[in-house]
Amino acid sequence: MNQGLLLFGHGSRDPAWADPFRRIAEHIAAARPGLPVALAFLEFLPPDLPAAADTLVDSGCAKVHVVPMFLGTGGHVRRDLPRLVEQLRERHPGVTWVLRPPIGDHPDVVAAMSLAARDGLE
């Protein structure tokens, strides 16, 4: 089954805000050649979730992992994103959509941020 990865961020009116997310997507694509990776935003920045999802489906993905690029589980992750993923299921009924926990819940992310926060302390 051809899988894809859809990174989902909040978005900002400042386009530079998305630079780290673009670098993450590029890093994943370089580490996993052949894995379709898309980046989408909830608001302010393109592409939105349906457009990014369409790109992955058009590339042949039959299963798409949606990773919320949020540090915690707030209202967007609890309420908005599940509703949006359900709309993707209706839009593309032949595709399996896997909504994963927010990236900030991953132990490796917590460990990396902890290390970065204490870096430079004497």
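The values are calculated or read from the model by the stated rules, or taken from the named source; none is laboratory data. Keep in mind the model is a prediction, meaning the values are calculated, not measured. Neighbour counts run over all protein chains shown; Cβ positions are idealised from the backbone, glycine included. We work out accessible area using only protein heavy atoms, side chains counted, and drop any ligands, DNA or RNA first. Shrake-Rupley method; radii C 1.70, N 1.55, O 1.52, S 1.80 Å.
Some points to look at:
- Annotation for region 83-113 versus region 1-18: alpha-carbon center distance of 12 Å.
- The chain, relative contact order in percent, only Cα pairs under 8 angstrom and at least six apart counted: 27
- Per-peptide packing, taken as the mean over residues of other Cβ atoms within 10 Å, places 13-25, 67-79 in the sequence 67-79, 13-25 from highest down.
- Heavy-atom accessible surface of the chain: percent carbon and sulfur, 1.4 Å: 56
- Residues whose placed amide H lies under 5 Å from that of Thr96, excluding near-sequence neighbours: Lys63, Val64
- Listed residues Asp58, Asp108 arranged by accessible area, highest first, probe 1.4 Å: Asp58, Asp108
- Asp48 long-range amide H proximity, modeled H, under 5 Å: Phe41
- Convex hull volume of the C-alpha atoms in the chain, normalised per residue: 119 Å³.
- Calculated accessible area for region 9-50 comes out at 60 Å² per residue, all protein chains present (probe 1.4 Å; ligands, DNA, RNA ignored).
- Structure-based [θ]222 nm, the chain - -39500 (n - 2.57) summed over DSSP H runs of at least 4, per residue, nearest 500: -11500 deg cm²/dmol
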